[in-house]
1. Name the residues whose placed amide hydrogens come within less than 5 Å of the amide hydrogen of Ala28, ignoring near sequence neighbours (fewer than 5 apart) on the same chain.
2. Using +1 at the Cβ of each Lys and Arg and -1 at the Cβ of each Asp and Glu in the chain, identify which of Leu80, Met45, Gly25 lies farthest towards the dipole's positive end.
3. Counting every Cα pair in the chain, what percent are over 19 Å apart?
4. Note the angle between two axes, namely the Cα long axis of helix 38-55 and the longest principal axis of the Cα atoms of the chain, as a number of degrees from 0 to 90, rounded to the nearest 10.
5. Based on DSSP H runs of at least 4 residues, each adding -39500 (n - 2.57), what is the mean residue ellipticity at 222 nm of the chain after dividing by all its residues, to the nearest 500 deg cm²/dmol?
6. If amide hydrogens are placed 1.01 Å from N in the peptide plane, which non-local residues have theirs closer than 5 Å to the one on Gly79?
7. Of the residues Asn63, Asn19, Asn39, which exhibits the maximal mean-square fluctuation in a Gaussian network model of the chain defined by a 10 Å Cα contact cut-off?
8. Once phi is turned into θ = phi - 60°, what whole-Hz ³J(HN,Hα) does the Karplus curve with 6.51, -1.76 and 1.60 give for every residue of segment 66-79, x standing for Gly and Pro?
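What follows draws every value from the coordinates through simple rules; no lab data is involved. No experiment lies behind these values; they were computed from the predicted model shown. For neighbour counting, all protein chains shown are included, and Cβ atoms are generated from backbone atoms with ideal geometry for every residue, glycine included.
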Amino acid sequence: MSDRLQGEARKDALAELENWQEVSGRDAITRSLRFADFNAAFGFMSRVALKAEQMGHHPEWFNVFNRVDITLSTHDAGGLTALDVKLAKFIDSLA
Ligand SMILES: C[C@H](O)[C@H](O)[C@H]1CNC2=NC(N)=NC(=O)C2=N1
């Protein structure tokens with residue numbers, strides 16, 4: 001399991017993830033994406049799902065029609081780890 005990011009390492013990681021916001025009240029990040037339609041949103045989710053399964057690290061997410069809200073945090077660690085940063089960057093590469 002990855003260790004929770006702390007201090008400078010956490011700050012540096014968040015600075016790289018400019019499309020992501022910190023969630024208030026918990027150590028997590030969130031990003032909301034909009035697509036042309038449901039088909040595009042679900043195609044995106046499928047690609048993320050395959051990557052998540054490969055990583056053994058899964059997003060919390062909510063989808064309605066063309067919108068996908070994603071929250072990333074490492075449950076086993078109780079906060080943000082390098083795995084969340086890696087998955088966030090993968091998501092950014094698709095968006
Ligand atoms: C056993 C399994 O690898 C773990 O439960 C994984 C699964 N996916 C996970 N996903 C996330 N986001 N956090 C975890 O701690 C986590 N743990």
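1. Result for Ala28 returns Val23.
2. Met45
3. Distances greater than 19 Å cover 37 percent of the Cα pairs.
4. With rounding to tens, the tilt is 40 degrees.
5. Value at 222 nm, helices only: -14000 deg cm²/dmol.
6. Correct list: Thr74.
7. In this elastic network of the chain, the residue with the biggest mean-square fluctuation among Asn63, Asn19, Asn39 is Asn39.
8. Whole-Hz 3J(HN,Hα) from phi for segment 66-79: 9, 10, 10, 9, 10, 10, 10, 6, 9, 4, 4, 9, x, x.
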